[in-house]
Each structure stands twice: as structure tokens, then as C-alpha cells.
């Protein structure tokens with residue numbers, strides 16, 4: 001009689017038990033992982049659209065028939081629909097295609113150094129005029145011409161003054177009279193007749209009449225005007241020459257009026273001239289002229305530069321560096337992030353989950369590609385520095401109005417209604433096909449297209465051919481008719 005192999009039977013039972021336990025564990029793991037897999041299903045677009053014509057929907061991706069760009073997918077997002085604050089949502093891949101670049105709102109010191117271009121000019125405060133003190137005749141001009149540089153005391157013109165001869169003879173005769181009072185009175189008459197003090201002293205030393213006198217340059221500089229020629233007759237007080245000093249020259253520059261805050265008369269100014277590379281010149285801001293240029297909206301500055309060696313010549317150009325009083329501990333963003341409409345300044349604020357919304361800001365000083373933000377943003381927030389105009393256009397289409405960051409969300413303006421005139425072409429289950437005029441608030445030209453109805457009763461009493469005034473609002477399904485008003489038919 002064969003005996004049953006009980007040891008083999010025990011091994012079979014153990015194997016079945018282990019296999020059952022393993023199958024149970026695998027089944028439980030599948031039950032655990034199934035919800036995880038189903039929690040992150042692949043998102044499918046509801047439709048594709050052209051951002052510039054968002055009311056037109058397409059069933060498949062491709063290139064827009066309106067613009068030379070790819071269609072953008074529109075996803076159903078319950079979380080986004082539940083948001084209380086209206087915003088534009090853009091997927092990360094679309095952001096990359098649009099070239100969206102973000103910048104952080106930082107806090108720091110906004111140093112201000114203004115760089116402008118100026119032109120050297122003559123110093124009109126350093127001017128001397130040579131005039132004829134008495135009527136006479138020009139004997140000699142010393143071969144001078146306008147533009148010549150002369151030193152102080154250099155001879156410029158010899159003048160014959162006949163009426164001085166009689167006064168000089170009387171003075172010489174009284175010197176031997178022994179009457180000091182008469183001599184002093186005669187000497188005073190010479191000075192009152194217009195004779196220079198040097199000529200009177202020369203007569204006293206020589207004791208001879210000097211009818212011809214030499215007029216010298218009163219200051220060193222350049223001859224700007226010379227109105228004498230040999231042989232010409234001079235009247236009393238006639239201008240002979242005008243000399244401009246060169247010891248200090250003016251540097252005239254213009255700065256935009258919006259950037260002129262912080263300039264102070266007396267502050268130091270650095271100037272670099274292309275004609276003198278490697279030799280910067282330090283001058284002083286002497287005047288901010290009171291008149292503003294209405295065409296360029298600039299203020300004119302007058303800067304004095306020392307010119308001891310005469311290398312600075314009027315007419316040369318110079319690069320001017322002006323240090324302005326800066327602001328410390330201010331919020332700053334890149335200047336390129338600001339959308340300037342002319343009436344207000346906007347930025348596109350970036351939020352979580354690819355959401356963007358316009359925010360109105362109040363700006364301060366600007367320099368070096370940065371601008372101070374006085375109101376509207378907080379430190380650490382992010383704004384769009386590139387591609388913000390496309391996002392702003394999408395926000396305008398959805399009727400999202402800009403607000404300051406301090407304004408409560410409840411006060412935000414909800415999607416607006418855009419109105420236009422049109423004529424009904426067809427009434428279908430999908431809505432009204434209307435040949436309409438332009439939507440001025442949307443910037444959309446006139447065309448013929450089909451609009452969905454927000455409520456079916458809006459089509460009551462309407463028929464093809466009716467002229468209507470209708471209003472639409474932007475929703476996730478495109479432009480939807482919210483209101484219709486029939487207009488009187490024109491004969």
C-alpha cells in the first residue's frame with residue numbers, strides 16, 4: 001500500500017495561500033492607484049481659436065485663417081470659472097510661444113544719472129565792447145579780423161581825434177603856471193573829454209600833444225565783431241569791436257521736463273568731449289532757464305566749464321552726466337513692463353495657474369531701465385515685462401477693467417456689453433446670423449457672423465431682414481448676444 005506524500009501536500013497548500021495573499025495585495029494596489037490615475041486625466045481642449053478673433057471657434061488645431069499665427073486651444077477649467085476675480089488665463093506652452101517674460105517687483109534705491117548731449121557756446125557774461133569816446137578818424141587797424149584771438153591790452157586801432165588837441169595844449173600850458181588847482185582842473189577836462197587815463201599820463205610825461213591815440217583790447221578773448229577800417233570816420237559812441245572772453249565757456253543742454261526733478265543750481269556736472277577723449281571736464285550748473293520748450297517739452301540748462309588752456313571751443317559737442325537726487329527704498333519694476341495709454345499706466349500682474357490681470361499703477365522717477373512704483377503693486381509680485389500688449393488685448397476683449405492693487409475685488413467692473421448696429425440675415429438654432437457694423441469698444445470691424453443667444457426669448461418677434469441694435473459680451477463660448485432692440489425699418 002502506497003503512502004500519501006503529506007509533505008508534498010503541505011507545500012501545495014502553502015503555495016496557494018501565498019499566491020492568494022499576493023493577488024489580494026496587487027488588487028489593493030490597483031484600487032489605490034486607480035483613483036490617482038483618474039485624478040490627473042489628460043486635458044482636452046474645448047475648441048481652438050484665434051486670439052485676435054476669439055469669437056470664432058475651430059474644432060481642430062492649425063493656422064488661423066485671419067492672422068498668420070497658430071490657433072490657441074481653449075480648455076474647460078472649473079477652477080478658473082470659480083475664481084471671483086476676472087483674469088486672463090494662458091497655458092505655459094502658449095506663454096512661451098507668445099514670448100511672455102516675467103519680472104519681479106523689487107525694493108531698492110533708484111539711482112538717477114541723467115545722460116544728455118550739449119553744445120559749447122560763448123560765455124555771454126564775459127563780454128567787452130570797444131567804443132569811440134570822441135569823433136575822429138581811423139588811422140590803423142593792426143590787421144585784425146573777426147575770429148582772431150587777442151590778449152588783454154593788445155593794440156586794436158589808432159584813432160585821430162582833432163578836438164583833443166586843443167584840450168591837451170591847454171593842459172600843457174597850465175603845467176608851467178604854478179597853479180595846482182588850474183592844473184587839476186585842466187587834467188579833469190581831458191578825462192571828461194574821453195581820453196583814457198594812460199593817454200593823459202603819457203602827455204604828462206612827454207609834455208607834448210598826442211592827437212592820435214591807440215585803443216587796446218580791454219580783455220583777452222576772441223573778436224566777435226570788428227566794425228572799423230582804415231580811413232573811416234567815427235562818431236561819438238560808435239562801437240568798434242566786441243570781444244568775448246574764453247576763460248570760461250557755456251555748455252548748453254536740454255533735459256526732458258519729466259526728468260528735471262532733482263536738478264539744483266550749483267551742482268557739479270561732468271562733461272566728456274569727443275574732441276578731447278580721456279579728458280573729462282568738471283563744471284557747474286549755473287542756471288536752469290525759466291522758459292520751457294513747448295515743442296520738445298524740455299528745459300534748457302546752462303553749465304559753466306573752465307577753459308584755462310583754450311582747448312574748449314564753442315560749437316563742440318559734449319556728453320553731459322547729471323547726478324539727480326534719487327529715491328531710496330522704493331518699489332521698482334522694468335520700464336518696459338509699463339503699458340502707457342496716455343491717460344494712465346498699466347501693468348499685467350501675473351498670478352498663480354497662469355492667470356493675468358491688468359493693474360493700474362502710479363509711477364515715480366525713472367532711470368536706467370527701471371521705474372519707481374508709488375502705488376498699485378507690492379514687493380514680490382510679478383509683472384509681465386514682454387508680451388503684455390497681447391495679454392492686455394485679450395483682457396479688453398473679455399471686458400476686464402484695470403484696478404489698483406488696493407481696490408477691493410468686489411468693485412471690479414464685470415464683463416462689459418459691446419453694442420453695434422446690424423441686419424438679421426438668418427435665424428437658426430445656433431443663434432442669429434447678423435451682418436453688423438463695427439464694434440467700436442472691441443476694435444472689431446464690421447462683418448457677417450453668427451452669434452449665440454444668452455436666452456432663447458431674445459429672438460422672439462425677430463425675422464430675417466430686421467435691423468437691430470444689439471449688445472454682446474465675451475464669455476468662454478465667444479461673443480454672446482445679451483440684448484436686442486429692433487430698429488425702425490428705413491424706407
For all pairs of alpha-carbon atoms in the stretch 113-158, what percent lies in each bin of width 5 Å, listed from the first bin to the last filled one?
-> 5, 11, 20, 19, 14, 9, 7, 5, 4, 3, 2, 1
Taking 168-177, 330-339 and ranking on average Cβ neighbours within 10 Å, highest first, one gets 330-339, 168-177
Please report, to one decimal in angstroms, the Kirkwood hydrodynamic radius of the stretch 418-486 built from all distinct Cα-Cα pairs.
-> 11.8 Å
Output the direction-averaged projected area (hull surface divided by four) of the convex hull of the alpha-carbon atoms of the stretch 226-266, in nm².
-> 6.1 nm²
Computed over the Cα atoms of the stretch 299-402, what is the ratio Rg over Rh, Rh following Kirkwood?
-> 1.21
Mind checking the full-extension length gain between residue 101 and residue 336? Use 0.36 nm per residue of separation minus the Cα-Cα distance, one decimal, nm.
-> 83.5 nm
Shape call for the stretch 281-331 from the C-alpha gyration tensor, a ≥ b ≥ c root eigenvalues: rounded (a/c under 1.5), prolate (a/b greater than b/c) or oblate?
-> oblate
Output the relative contact order of the stretch 252-345, whole-number percent, from Cα pairs under 8 angstrom with separation of 6+ residues.
-> 31 percent
Value of D in µm² per second that Stokes-Einstein yields for the stretch 172-311, Kirkwood Rh from Cα pairs, at 20 °C (1.002 mPa s) = 105 µm²/s
Using per-residue counts of other Cβ atoms within 10 Å, averaged over each peptide, order 435-441, 134-140, 242-248, 455-461 from highest down.
-> 242-248, 134-140, 435-441, 455-461
Shape call for the stretch 137-211 from the C-alpha gyration tensor, a ≥ b ≥ c root eigenvalues: rounded (a/c under 1.5), prolate (a/b greater than b/c) or oblate?
-> prolate
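Values quoted throughout were computed directly from the atomic coordinates according to the rules given, and no laboratory measurement underlies them. Computed from a prediction, not measured in an experiment: that's the story for all the values here. So basically every Cβ, Gly included, is an ideal-geometry build from the backbone, and we count neighbours across all protein chains shown.
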